[in-house]
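To keep things clear, I will list the structure first and then write my remarks on it.
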Amino acid sequence: MDHYILAIETSCDETAAAIIKNGTEIISNVVSSQIESHKRFGGVVPEIASRHHVEQMTIVLEEALKQAEMVPKELTAVAVTEGPGLVGALLIGINAAKAFAFVNGLPLIGTHHIAGHIYANNLVQPMEFPLLALVVSGGHTELVFMREHGSFEVIGETRDDAAGEAYDKVARVLNMPYPGGPHIDRLAHEATEAVKFPRVWLEEGSYDFSFSGLKSAVINYKHNMDQRGEAIIPEQVAKGFQDSVVEVLTAKTVRAAREFGVKQVIAAGGVSANKGLRSALETAFEQEGIPFFVPPLKLCTDNAAMIGAAAYQMYEAGVRGNLAMNGRPGMEL
Ligand code: KG4
Ligand code: ZN
């Protein structure tokens, strides 16, 4: 029997709903972005995010059903991002999911946002285990080892800023709008030369990351140039920053893939949309002879299809939530 999961995602600044068939097939995938409303503040304002979710949630949910040409009684379950994220934002999605599940007598499944990013890959090709996932987003930078479906072992993570956060902060220094990642990516590709910035490797053998020192190095460079009355070349700064981030992320991912003897490596999260990172990982894993995958751009950034894909595995494993579900801003994987 086919299973259709209606999934909802509201952890940050996208209001999203999707219907996923058997965990792997997208039937509908609707995302309403609020980026324009947050742009003038240079980042996501939690209160504004919550208000937008309230306004958009029902519209997006109805649109997901309409595009799928489905009615609630054809659904198997309702899934929603339980955490991590902005608590006020999470609660809008969770309350919508609870109400929908209760009214239609459907089981409710609470999903981890990062599990969702990882499972976006299962919508493109089957995940094979053991697997290594590099999760790089605005809020996360993690290397996750998976022995099987539903098993997540975080072997490395950022000790300060997330990769996407560093991108967004450096973009601000270069007077680029929020979110800055795509702008830095574009600028970096326009440069032939790069400003040399440090690579932060931490202790030998560590799979952890640190990006705040690199961010400070960029800020100091700009400050020193300003003091001397010299103009920076934004393209070269962007390339210098991106080269450092990409080199460290790629090298640590390759080392972990070797050590854990994985069959597949995947990248996930908003920063995995980065062209420089994608091509560095593709080249590195081609040399390693390990299959490497990254979902198409639309599935890299926040969406509900990925939540439906992750929730399907939980549904199969018998995981069920209930109406006492609460937002979990610091939820662990
Ligand atoms: O996964 P996501 O949509 O939201 C979170 O869960 O955080 O990731 C958003 C992050 C932002 O920091 C954005 O600047 C970054 O992903 N991003 C990129 C690119 N596209 C989005 N960073 C670098 N290069 C890109 N092309
Ligand atoms: Zn995300």
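Brief remarks on what is shown
- FRET efficiency, Met225 to Ser279 (Cβ-Cβ, R0 30 Å, nearest 0.05): 0.55
- 18 Å cut-off, amide nitrogen to a point 7 angstrom out along Lys298 Cα→Cβ, residues in region 37-69: 60-69
- Cβ-placed point charges (K, R +1; D, E -1), dipole of region 127-294 about Cα centre in debye, nearest 20: 280
- Dipole moment magnitude, nearest 20 debye, the chain about Cα centre, only Lys, Arg, Asp, Glu C-beta charged: 300
- Simple label model, 7 Å out from Cα along Cβ direction - Glu63 to Val103, nm: 1.9
- Folded to 0 to 90 degrees: helix 275-288 orientation relative to the chain principal axis, Cα: 90
- The chain: most fluctuating residue of Glu128, Glu82, Glu288 per GNM, C-alpha cutoff 10 Å: Glu288
- When each of the peptides 24-35, 307-318 is scored by how many other beta carbons lie within 10 Å of its residues on average, the order from highest to lowest is 307-318, 24-35.
- The chain: radius of gyration and largest Cα-Cα distance (Dmax), Å: 20.1, 70
- Cα-centre dipole for region 1-87 with unit charges at Cβ (Lys and Arg positive, Asp and Glu negative), debye to 20: 140
- Binned Cα-Cα distances of region 65-202, short to long, each 5 Å bin given as a whole percent: 2, 8, 12, 15, 16, 15, 13, 9, 5, 3, 2, 1
- Cross-link partners for Lys73 among the lysines, with Cα-Cα distance under 16 Å and sequence neighbours closer than 8 places in the same chain left out: Lys21, Lys98.
- 24 Å tail of the calculated P(r), region 1-131, as % of Cα pairs: 27
- Cα Rg over Rh - region 127-294, Kirkwood: 1.00
- Straight-distance crosslink candidates among aspartates and glutamates, where the alpha carbon sits under 12 Å from Lys275 and sequence neighbours closer than 8 are dropped: Asp185, Asp243
None of the figures in this text is laboratory data; all of them are computed from the coordinates on show. The shown structure was predicted, so the numbers you read here are calculated from the model rather than taken from an experiment. For neighbour counting, all protein chains shown are included, and Cβ atoms are generated from backbone atoms with ideal geometry for every residue, glycine included.
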